[in-house]
Amino acid sequence: GVVYFGSGDTHLYAVEIETGKEKWKFETGDIVDSFATILDGVVYFGSGDNYLHAVEIETGKEKWKFETGDNVDSSPAIVDGVVYFGSNDNHLYAVDSKTGEEKWKFETGHWVSSPAVADGVVYIGSWDKHLYAVDIKTGKEKWRFKTGDDVSSPTVVDGVVYFGSYDNHLHAVDSISGEEKWKFNTGDGGVDSSPVVSDGVVYFGSYDFHFYAVNIKTGG
């Protein structure tokens with residue numbers, strides 16, 4: 001019954017869906033560009049103040065905050081009591097959802113996208129032109145896949161990772177091996193969009209001003 005969203009005015013808002021009335025707002029030190037993720041009565045989100053914040057959804061009071069070395073534009077993913085998120089300090093972080101204590105961090109060569117987690121692996125794109133697959137227990141790299149430019153936030157469905165790149169392609173990569181299954185060329189537009197998969201079709205937008213629907217099996 002409540003929608004949670006960030007704003008460029010440095011706040012996260014909680015607004016009642018039925019009435020549109022503000023329930024509470026929580027102030028951070030900079031813009032809130034991250035999408036919020038909710039679990040067990042807590043909303044988790046990043047801010048340009050370099051922190052991941054954990055806030056109680058009933059009261060709007062902060063439980064904890066975790067400091068990184070740069071903006072946290074990445075939207076967090078939570079699996080088995082661990083929050084996974086990227087930072088513009090070039091790291092993927094794994095943080096205990098209850099305590100806010102770091103479990104591990106993984107370094108890439110540039111900014112890190114929002115993560116996707118599936119089957120014990122967390123997948124991230126980076127502006128160092130790679131998609132990474134990282135073991136969620138150890139924080140060690142399983143494989144990486146190189147594209148021609150910066151990589152968007154991935155989606156994982158049925159053993160395939162779908163993600164865009166500023167190299168003007170949507171890529172489909174095997175989640176286990178890291179081998180490319182196919183790629184779809186948008187022509188003259190980078191793909192910064194996070195893809196969505198439904199009923200055998202992957203949907204995404206491109207900077208060529210088009211919205212695409214592509215067959216997940218053939219890439220056509």
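The values are calculated or read from the model by the stated rules, or taken from the named source; none is laboratory data. The model shown is predicted, which means the values in this text are computed figures rather than measured ones. Please note: Cβ atoms are built from the backbone with ideal geometry, for glycine as well, and neighbour counts cover all protein chains shown. The area values use the complete protein model at the heavy-atom level, side chains included, leaving out ligands, DNA and RNA. Shrake-Rupley method; radii C 1.70, N 1.55, O 1.52, S 1.80 Å.
Things worth noting here:
- Note on region 98-157 and region 1-52: Cα centroid distance 24 Å, given to the nearest whole angstrom.
- Local electrostatic count, Ser7, Cβ distance below 12 Å [Lys/Arg +1, Asp/Glu -1]: -4
- Net length gained if the chain between Asp158 and Val3 were fully extended (0.36 nm per residue, minus Cα distance): 52.8 nm
- In a simple Cβ point-charge model (Lys, Arg +1; Asp, Glu -1; nothing else charged), the chain has a dipole of about 480 debye relative to its Cα centre.
- Local electrostatic count, Glu179, Cβ distance below 14 Å [Lys/Arg +1, Asp/Glu -1]: +3
- At most 13 other Cβ within 10 Å, DSSP loop - trypsin sites (Lys or Arg not before Pro), region 102-194: Lys137, Lys140
- Cross-link pairs exceeding 20 Å between alpha carbons, from the set Lys23/Lys98; Lys129/Lys217; Lys183/Lys217; Lys103/Lys140; Lys98/Lys140; Lys21/Lys98: Lys23/Lys98; Lys129/Lys217; Lys98/Lys140; Lys21/Lys98.
- The calculated P(r) of region 1-112, using every Cα pair and 10 Å bins from 0, goes 16, 50, 28, 6, 0 in percent.
- Expressed as a fraction of 2.2 N^0.38 Å, the C-alpha radius of gyration for region 106-220 is 0.97.
- Rolling a 1.4 angstrom probe over the protein heavy atoms with all chains in place gives region 1-57 an accessible area of 49 Å² per residue.
- The residue among Gly46, His91, Gly69 whose Cα reaches farthest toward the positive pole of the charge dipole of the chain, with charges on the beta-carbon of Lys, Arg, Asp and Glu, is His91.
- Nearest-10 value in Å² for the accessible area of Trp24, using the 1.4 Å probe: 20
- Cα pair distances in the chain, grouped into 5 Å bins until the bin that holds the longest one, percent each: 1, 7, 15, 18, 18, 15, 13, 8, 4, 1
- The listed residues Ser34, Ser193 rank as Ser193, Ser34 when sorted by accessible area, largest first, using a 1.4 Å probe.
- Histogrammed with a bin width of 5 Å, the alpha carbon distances of region 10-72 distribute as 4, 20, 29, 26, 14, 5, 2, 0 percent, first bin at zero.
- Reported value for region 47-134: 85 Å³ per residue, from the convex hull of its C-alpha atoms.
- With every protein chain in place, the chain: carbon and sulfur % of accessible area (1.4 Å): 46
- Å² of accessible area per residue within region 65-220, as computed with a 1.4 Å probe and no ligands counted: 45
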